[in-house]
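Inspection log for the structure reproduced underneath, given as structure tokens.
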Amino acid sequence: MSASAALVLGLALLPATPSHAAEAALPQTVYFPSANGRTELTGYLFEPAGPGPHPAIVMLHGRSGPYSTNVNAQCTLVGRGIASPCDAGALTLRHRAWARYWTGRGYLALHVDSFGPRGVAHGFGRHTHGAPERAAVNELDVRPLDAEGALAYLAGRADVAPARIMLQGWSNGASTVLNVMHRQALRHGDGKPAFAAALAFYPGCGPRALLSQAPHIDRPMQVLLGADDEEVSAANCERVLARARIAADTPPPLVTTYPGATHDFDDPGRKRQSLDANRAARQDTLERLGPWMDQVPSR
């Protein structure tokens, strides 16, 4: 087992609420503009050892938001100067685990809160896609601008290698990843900062979630799906990605569908990891994704 995988497995033993050990390693809370030019976003910055410049990764939460369900029910607005139980210490176990996985490999990790700055830090439950209250935080034309704002923020930091900024998202955040990469490919070669690669964990791939059912892709990408996902269709995503329009100098997206795995298969909590298929899927991602990302070329 790699040192990074061992670190993440160790984090799986932490309780869902922040412990004193977790509090000792809280990320830095930062603020930066969305590319919409109106919204100040809240982000949580996990920094690796050493002076840099480091590769970096932007992380996008799913529809339930970035914060633990133990505290988020009463959370609304999160932002500069606002007291809230939803803060750096309340990030979910999965988000902290993946951030530590990347910092252990030398990456600077930035987790972006798209919901709190818009007054819905509590997130949304299952079967709420298309609900009117989600329009202001949708994955089509809102959250992609947040990811692009995070990209611009990181590209302007002296401790980040601007040609080595990656993107990772889960569920609704993974649908956002696919839309971000589609938008990026359409403006290929415009000289603006660009994500070097992307990881999408169990995205929704229906027409209400994606900008295109045949997305353009011009950077390496992996899509990780659970065959027994109870929230999104793995088969639908496989069909969409098989129709993707790939730039001439780009490998086709690597799509992995894990037999028996469910939605949130990489969540290190006991409930999800009680299923053998989820444990196997999670372990595979820990073993493969870091080395794969390390070898993505800078462009």
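The values are calculated or read from the model by the stated rules, or taken from the named source; none is laboratory data. This one's a predicted model, so the numbers in the text were calculated from it and none came from an experiment. Here the Cβ is made from the backbone with ideal geometry for all residues, glycine too, and neighbour counts use every protein chain on show. Quick note on the areas: whole protein, heavy atoms, side chains included, nothing else; ligands and nucleic acids left out. Shrake-Rupley method; radii C 1.70, N 1.55, O 1.52, S 1.80 Å.
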(request) Given the conditions (1) more than 25 Å from T103 (Cα to Cα); (2) open to solvent by less than 70 Å² (accessible area, probe 1.4 Å); (3) touching a strand residue (DSSP E or B) at 6+ places or on another chain (Cβ under 6 Å); (4) not small (G, A, S), report the number of the one that P252 does not fulfil. (result) (2)
(request) Being over 27 Å from P252 (Cβ atoms), of a type outside the set (D, E, K, R) and surrounded by 22 or more Cβ atoms within 10 Å (Cβ to Cβ) narrows it down to one of G156, G130, G123, so name that one. (result) G123
(message) One residue is enough: does region 104-114 have a residue meeting the conditions part of a helix (DSSP H, G or I) and on the phi < 0 side of the Ramachandran plot?
(response) yes
(request) Give the residue that is least open to solvent (accessible area, probe 1.4 Å), with candidates limited to residues of region 21-36 that are closer than 14 Å to L151 by Cα and assigned to a loop (DSSP other than H, G, I, E, B). (result) S34
(request) Please enumerate the residues belonging to region 188-204 that are touching a helix residue (DSSP H, G or I) at 6+ places or on another chain (Cβ under 6 Å), in a loop (DSSP other than H, G, I, E, B) and either open to solvent by 20 Å² or more (accessible area, probe 1.4 Å) or of a type in the set (A, V, I, L, M) (or both). (result) P193, A194
(message) With the structure loaded, tell me whether H216 is surrounded by fewer than 24 Cβ atoms within 10 Å (Cβ to Cβ) and modelled with pLDDT under 95 or whether it fails that test.
(response) no
(request) For region 246-268, name all the residues that are under 20 Å from A174 (Cα atoms) and touching a residue at least 40 places away in the same chain (Cβ under 8 Å). (result) H263, D264, F265, D266, D267, P268
(message) The conditions are (1) open to solvent by less than 20 Å² (accessible area, probe 1.4 Å); (2) touching a Gly at 6+ places or on another chain (Cβ under 8 Å); (3) not charged (D, E, K, R), and A109 fails exactly one of them. Which is it?
(response) (2)
(request) Kindly indicate whether any position in region 79-92 is in contact with a helix residue (DSSP H, G or I) (Cβ under 9 Å, 6 or more places away or on another chain), more than 20 Å from D146 (Cα to Cα) and outside any loop (DSSP other than H, G, I, E, B). (result) yes
(message) Checking the condition touching a Pro at 6+ places or on another chain (Cβ under 6 Å) and modelled with pLDDT of 95 or more, which residue from G79, G104 passes?
(response) G79
(request) Could you tell me which numbered condition A174 fails, if it satisfies all but one of (1) touching a strand residue (DSSP E or B) at 6+ places or on another chain (Cβ under 9 Å); (2) more than 21 Å from G65 (Cβ to Cβ); (3) assigned to a helix (DSSP H, G or I)? (result) (2)
(request) Just name the residue that is least open to solvent (accessible area, probe 1.4 Å) out of those in region 52-80 that are β-branched (V, I, T) and free of Cβ contacts under 8 Å to residues at least 60 places away in the same chain. (result) V78
(message) Suppose the filter is under 17 Å from A174 (Cβ atoms), touching a Ser or Thr at 6+ places or on another chain (Cβ under 8 Å) and at pLDDT below 95; does R134 pass it?
(response) yes
(request) Find the residue count for region 81-106, including only residues that are free of Cβ contacts under 8 Å to residues at least 60 places away in the same chain and surrounded by fewer than 21 Cβ atoms within 10 Å (Cβ to Cβ). (result) 6
(request) For region 162-170, state whether one or more residues are open to solvent by 10 Å² or more (accessible area, probe 1.4 Å), in contact (Cβ under 8 Å) with a residue 60 or more places away in the chain and of a type in the set (K, R). (result) yes
(request) Identify the single condition in (1) open to solvent by 10 Å² or more (accessible area, probe 1.4 Å); (2) of a type in the set (A, V, I, L, M); (3) under 21 Å from G37 (Cα atoms) that A185 does not satisfy, given that it satisfies every other one. (result) (3)
(request) Assess whether A242 counts as being of a type in the set (G, A, S), open to solvent by 70 Å² or more (accessible area, probe 1.4 Å) and within 22 Å of G204 (Cβ to Cβ). (result) yes
